[in-house]
Amino acid sequence: MSDRNAFPAPGESRLFDEGLARRKAVLGEAYVQQAIEGADDFNRPLQQLTTEWCWGETWGNEALPLNIRSMLNIAMLTALNRPHELKLHVRGALNNGVTVEQIQAVLLQAAIYCGLPAAIDATRTAREVLKEAGAI
């Protein structure tokens with residue numbers, strides 16, 4: 001890819017193609033398409049890095065199934081207090097077959113290791129997403 005202001009063309013980057021497909025499957029087509037189409041000269045390199053290395057390489061590593069990755073992300077995002085990303089990954093967890101009971105168990109585990117304030121905020125955020133999704 002010679003133009004730093006464009007994403008790789010289909011077939012030009014295996015990691016980008018696989019990452020884009022996986023990212024859409026987990027986070028939803030509309031959300032990912034908006035992120036890709038909304039990329040500009042400033043944030044396009046970060047979108048490409050995210051798509052290739054996060055979703056292509058890391059999420060593509062078959063050592064951990066997608067549902068386990070989703071549960072790990074819920075725990076880590078709780079610890080980091082990142083509610084926007086937590087919302088995305090709770091939705092993604094549902095897409096990856098994680099049950100409401102498993103999400104609840106992850107948040108309880110996070111309460112012990114990350115502290116109650118972090119888990120209370122994360123539980124509030126997760127509950128909002130689960131209600132919107134009709135899961136609870």
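Using only alpha carbon pairs under 8 Å that are at least six residues apart, calculate the relative contact order of the chain and give it in whole percent.
Reported relative contact order: 22 percent.
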Using a/c under 1.5 as the rounded threshold, could you call the stretch 14-58 rounded, prolate or oblate? The axes a ≥ b ≥ c are square roots of the C-alpha gyration tensor eigenvalues, and prolate needs a/b larger than b/c, oblate otherwise.
-> oblate
Filter the GluC sites (Glu not before Pro) in the stretch 1-51 down to the DSSP loop ones having no more than 12 other Cβ atoms within 10 Å, then list what survives.
-> Glu12
In degrees, nearest 10, the alpha-carbon axis of helix 83-95 is tilted away from the dominant principal axis of the alpha carbons of the chain by 90
If a/c stays under 1.5 just call it rounded; otherwise compare a/b with b/c (prolate if a/b is bigger, oblate if not). Do that for the chain, with a ≥ b ≥ c from the square roots of the Cα gyration tensor eigenvalues.
-> prolate
Please report how far the C-alpha centroid of the stretch 80-111 lies from that of the stretch 7-43, rounded to the nearest whole angstrom.
-> 23
Length-normalised contact order for the stretch 14-58 - Cα pairs under 8 Å, 6+ apart - percent = 65
What's the angle, to the nearest 10 degrees (0 to 90), between helix 116-132's Cα axis and the longest principal axis of the chain?
-> 70
Relative contact order of the stretch 66-132, defined on C-alpha pairs under 8 angstrom at six or more residues apart (%) = 39
222 nm mean residue ellipticity, helices alone, for the chain (DSSP H n ≥ 4; -39,500 (n - 2.57); rounded to 500) = -20500 deg cm²/dmol
Residues of the stretch 78-109 with amide nitrogen under 18 Å from the 7 Å Cα-to-Cβ point of Asp121?
-> 78-90, 107-109
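None of the figures in this text is laboratory data; all of them are computed from the coordinates on show. The model shown is predicted, which means the values in this text are computed figures rather than measured ones. Ideal geometry is used to build each Cβ from the backbone, glycine not excepted, and the neighbour counts take in all protein chains shown.
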